[in-house]
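The values are calculated or read from the model by the stated rules, or taken from the named source; none is laboratory data. Predicted, not measured: the structure shown is a model, and the values here were computed from it. Only protein heavy atoms, including side chains, enter the accessible area calculation; ligands, DNA and RNA are left aside. Shrake-Rupley method; radii C 1.70, N 1.55, O 1.52, S 1.80 Å.
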Amino acid sequence: MNLITSRDNPQVKAWRRLAQDTTAYRKAGQFWLEGDHLCRAAVQRGVRPLQMVLTESFWEEQGTEWAPHSDQLIVM
């Protein structure tokens, strides 16, 4: 698990682009899923996220449930 605390982190900026820019996912070859329902549906269909980004509070509540689903887990 990696902890990121700065909004100025380059990775945070890249995620923000994926989440907000409607064409960024094509350029990056990646997509952003947000929310428990969408993430559960993807995992149930065999999608293995490259990265999983969780809030600190969600990590404390359900992090151990989600940790096995991605090789790179980031807490913000």
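What does the convex hull of the Cα atoms come to per residue for the chain, in Å³? It would help to have the intermediate numbers written out before the result.
Numbers: hull volume 7.5 nm³, N = 76.
Taking only Cα atoms, the chain has a hull volume of 99 Å³ per residue.
Candidate membrane-span-like segments in the chain, meaning DSSP H helices with Cα atoms spread over at least 20 Å of their own axis and a Kyte-Doolittle mean of 1.6 or above, do not occur, with no membrane implied either way. Excluding ligands, DNA and RNA, the accessible surface per residue across the chain is 75 Å² with a 1.4 Å probe. The value of relative contact order for the chain, using C-alpha pairs under 8 Å at least six residues apart, is 40 percent.
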